[in-house]
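The values are calculated or read from the model by the stated rules, or taken from the named source; none is laboratory data. Bear in mind that the values here come from a model prediction, so they are computed numbers and not experimental data. Here the Cβ is made from the backbone with ideal geometry for all residues, glycine too, and neighbour counts use every protein chain on show. Accessible surface areas use protein heavy atoms only, side chains included; no ligands, DNA or RNA. Shrake-Rupley method; radii C 1.70, N 1.55, O 1.52, S 1.80 Å.
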Amino acid sequence: MNDERRMLVDAATSIFEDLCSPETVRAAEQSGWPGPLWSALAEAGFPWVSVPEQHGGSGGSVADACALLRVAGAFAAPVPLAETGLLAGWALSSAGLELPSGPATVGVGNRDDTLGLTGSPGSWRLSGQLHRVPWARESERIVAIAQQHGQAYVVSVKPDDTRIEPGRNLAGEPRDTVRLDGVATSDDAVAPAPDGVSTDALVLRGALARAALMSGALSRVSAITIRYTNERQQFGRPIARFQAVQQHLVKIAEQTEAAIMAVTAAAGNAVRACDFFDVAAAKIVAGEAANIASASSHQAHGAIGMTKEYELGQLSRRLWSWRDEFGRAEDWSRLLGRQVAEAGSDALWPRISTGLFSNA
Amino acid sequence: MEFAPTTLTAAEEELRSEVREFLAEELPPDFRPGLGMAAGHNPGFSRKLAARGWVGMAIPPQYGGHGRTAVDRFIVTEELLAAGAPLGAHFVADRQTGPALLHYGTEEQRQRFLPAISAGECWFSLGMSEPDSGSDLASVRTAATKVDGGWLINGTKIWTSGAHLNHYFAVLCRTSPNEGDRHAGLSQLIVDLSAPGVKISPIPYLDGSHHFNEVLLQDVFVPDDMVLGEVGSGWRQVTSELAYERSGPDRYLSTFNVYREMLRELADQPLDDTQTRTVGYLAARFWTIRQLSLSVARLIDARRAPAMEAAFVKDMGTVFEQESIGLLRAAADRELDPGRGSLFARLLAEAILTGPSFTLRGGTTEVLRSVAAKGLGR
């Protein structure tokens, strides 16, 4: 990690330590929104890292943004940090549209989504439904890709102009249904999607973002499982002394390192665009790590891990949600498998042995 | 934990291209790839590789080696393994005995063995396990007693891969009685596998193939100058020696050729859903574990001591190898005949038959994890 990124991570860590305790996370599940946390993050510019400064962002790279997401994941931060900059901010700034000053989100990638754009400049209208939109009800803008006559447009919608049916993921984070019934949309909220900006590209960035969050949550799961099993005494000694428990600890730590490695390499390579192979691999590996580590950590903790009071549940429920969002490991395995098979057996080893190729 | 992704330098990329070209020229079109470190034992191939400077890479030039980095050695090793190349003759000497001689050997031993190892002409086996000592290596009973000018060694070593083909093996044995500290009084002796009193008998693998041997040592004379390192420091040496062999590409590439052959075989037909998902999933896993392992090589070059990282890679890599066999078997969707069928089917059969050894050799998963857990702190 370079010095600048280290400073970014340290600064973010201290904000989360102050304002994102397990109690804050628990409270946000009821109240819906940790206001002080978001304000502090926004003041530091963290939600807009990776969005160029000339477009109103905070500058920095995708790798910087993913390093922040790792920290956010470790604290189970209940805020749309990934959605605001890395996803919505990227689409808006790429299309030359204005960034909102508050949180933003994207409605992409759900197979039941429909979004049509009708009219023309001065009379744009949007109709359709977007599903499982993260934090829609808390956002200032919902960004999506709409089609008209075969042309894709980036559109930026005010949640107040839509009907929102609240939904949640397994961790209680907002995942809302957004209905648009001929929403009149101003000219400064519609722009042709430039090359490379598409639903698929947003899903790819979303998958990388979720994998980054998962890698952070996994680190925390590993740390608290080690802590707990060294404190908890049974049969006269810490349960971490038992080989059966040690197997769990090592498996969790290994899976965590694998997820971090895959995410860091994929994020580091995402200089001009996210590489499909890298991101698919990262989401697959992080998803697999989530399966193994959540099972092992709950087994090592016993009943205390099943309580709302204890921190593990905040992390495991996020892992169980994030592994499915923006494509499950199974979905990405299928997509990646198609690409790898198409490239053929002679291209297999050269691709697998291409790891981090950018030092950005 | 210090894992960090790393890019290859231009010079490293160049080395990789050279190795790929060499392999394309050396391996005949009808070449049957081997599975990882169990690939063929081919002295001619090892010598040619050595002539290119790709054996003994980590050994300094004054001992006939090439003074290259751990990453350079990683690159050559992974290319050989990915091609299923016959690296069996030189592999253990290159990976393990060479570095051990360099670190612990006398000047005379270095002069004697390292140039031959680097030339691909001196091959080693490992002499650790015994009938009553497996994971608990400190319990070895093979013993050497001091005689004039050397040692007389007696005992039995088992699971000695390649003893019937190689020149020497480094034998862990007791050189003074076990009195309290069981890690004291152990030494490593370099035993000439053709010496009088050495009796090598095959222990057929479960499929009948010959890798393992029992090596009976009856009053074998080992001259003083064949004690590796200090008398009595055998335990420290073998435990650090275990670290060398933990995290390289041989710990996760054993089934790579089964995977690639499946892809080759299916090239002309549409893949079903299981096959498609298997192809994608394995690509993701290979890509990730390779970068973990490469990062360990970088740490070694940076003079860190990545013991935990190495243990993690070995554990993850070998468990993954076995998992991959299950997935490839499901994707293959056929009954297997070890002597018939496509190359993919025959390699898969071989992987199924030899796969259980992947998480045993070099230390079992369970023992490895118990050791690693102690480093996880609290």
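Some observations on this one:
- Loop-located trypsin sites (Lys or Arg not before Pro) in the range A:278-360 whose Cβ has at most 15 other Cβ within 10 Å (DSSP): A:LYS308, A:ARG328
- For chain B, the relative contact order works out to 16 percent when only alpha carbon pairs closer than 8 Å and six or more residues apart are counted.
- Ranking A:ASN2, B:THR364, A:THR13 by Cα position along the charge dipole of the protein assembly as shown, where only Lys, Arg, Asp and Glu carry charges on their C-beta atoms, puts B:THR364 farthest toward the positive end.
- Above 20 Å, the calculated P(r) of the range B:246-374 contains 49 percent of its Cα-Cα pairs.
- Radius 11 Å from Cβ of B:GLY149, net charge of other residues (Lys, Arg +1; Asp, Glu -1): -2
- Efficiency of FRET between B:LYS48 and A:GLU17 - r from beta-carbon atoms, R0 60 angstrom, step 0.05: 0.55
- Averaging 1/r over every pair of different alpha carbons in the range B:171-303 and inverting the result gives a Kirkwood radius of 19.5 Å.
- For the protein assembly as shown: accessible area per residue (Å², 1.4 Å): 39 Å²
- The spread of Cα positions in the range B:27-92, taken along each principal axis and listed from longest to shortest, comes to 38, 22, 20 Å.
- By definition, a body whose alpha carbon gyration tensor gives a ≥ b ≥ c is prolate when a/c is 1.5 or more and a/b is larger than b/c, and the range A:199-352 fits this prolate description.
- DSSP loop GluC sites (Glu not before Pro) with at most 13 other Cβ within 10 Å: longest gap in chain A: A:99-308
- Cα-based helix-to-principal-axis angle, B:273-301 vs chain B, degrees rounded to 10: 40 degrees
- Sum of side-chain charges, A:CYS66 neighbourhood, beta-carbon under 12 Å (Lys, Arg +1; Asp, Glu -1): +2
- Of all the options B:ARG182, B:ARG141, B:ARG32, the one that moves most in a Gaussian network model of chain B with Cα springs shorter than 10 angstrom is B:ARG182.
- Taking B:ASP225, B:ASP30, B:ASP207 in turn, the Gaussian network model of chain B (Cα-Cα springs below 10 Å) assigns the largest fluctuation to B:ASP30.
- The C-alpha radius of gyration of the range B:55-202, expressed as a fraction of 2.2 N^0.38 Å, stands at 1.11.
- Carbon/sulfur fraction of accessible area - the protein assembly as shown, other protein chains in place, 1.4 Å, %: 50 percent
- Charge dipole (Cα centre; +1 on Lys/Arg Cβ, -1 on Asp/Glu Cβ; no other charges) of chain B amounts to roughly 520 debye.
- Across peptide A:339-352, the average count of Cβ atoms from other chains found within 10 Å of a residue's Cβ is 6.
- Chains A and B together, accessible area buried on both sides, 1.4 angstrom probe, square angstrom: 4100 Å²
- Cβ-Cβ FRET estimate between A:GLU231 and A:TRP320, R0 fixed at 25 Å, reported to 0.05: 0.45
- When +1 charges are put on Lys and Arg Cβ atoms and -1 charges on Asp and Glu Cβ atoms, the dipole computed for the protein assembly as shown relative to its Cα centre reaches about 1100 debye.
- Overall, the ratio between the Cα radius of gyration of the protein assembly as shown and 2.2 N^0.38 Å, rounded to two decimals, is 1.06.
- Modelled label positions at A:GLU43 and A:SER101, each set 7 Å beyond Cα in the direction of Cβ, lie 1.5 nm from each other.
- Net length gained if the chain between B:GLU366 and B:ALA302 were fully extended (0.36 nm per residue, minus Cα distance): 20.1 nm
- Each residue of the range B:77-94 was assigned a 3J(HN,Hα) from its phi angle through the Karplus expression (A = 6.51, B = -1.76, C = 1.60, θ = phi - 60°), giving 4, 5, 5, 4, 5, 5, 8, x, 5, x, 9, x, 5, 9, 4, 5, 4, 5 Hz with x at Gly and Pro.
- GNM flexibility winner over chain A from A:ASP278, A:ASP181, A:ASP324 (Cα, springs under 10 Å): A:ASP181
- Length-normalised contact order for the range B:10-122 - Cα pairs under 8 Å, 6+ apart - percent: 35 percent
- What separates the Cα centres of the range A:145-180 and the range B:341-378 is a distance of 47 Å.
- Chain A - Debye-derived log10 I(q)/I(0), Cα point model, q = 0.12, 0.13, 0.15 Å⁻¹: -0.87, -1.01, -1.30
- For the range A:243-267 and the range B:92-162, distance of Cα centres in Å: 34 Å
- Relative to the longest principal axis of the Cα atoms of chain B, the long axis of helix B:343-354 lies at roughly 40 degrees.
- Helix A:329-343 vs. chain A, principal-axis angle (Cα, 0 to 90°, nearest 10): 70 degrees
- All lysines inside 20 Å of A:LYS283 as judged from Cα atoms, apart from same-chain residues fewer than 8 positions distant: A:LYS251
- Normalised size of the range A:165-220, defined as Cα radius of gyration per 2.2 N^0.38 Å with N residues, equals 1.57.
- Model label zone, A:GLU4; criterion: amide N under 15 Å from point 7 Å along Cα-to-beta-carbon; scope the range A:50-83: A:50-54, A:57-68
- Applying D = kT/(6 pi eta Rh) to chain B, where Rh is the Kirkwood radius over alpha-carbon pairs, T corresponds to 25 °C and eta to 0.890 mPa s, the Stokes-Einstein value obtained is 114 µm²/s.
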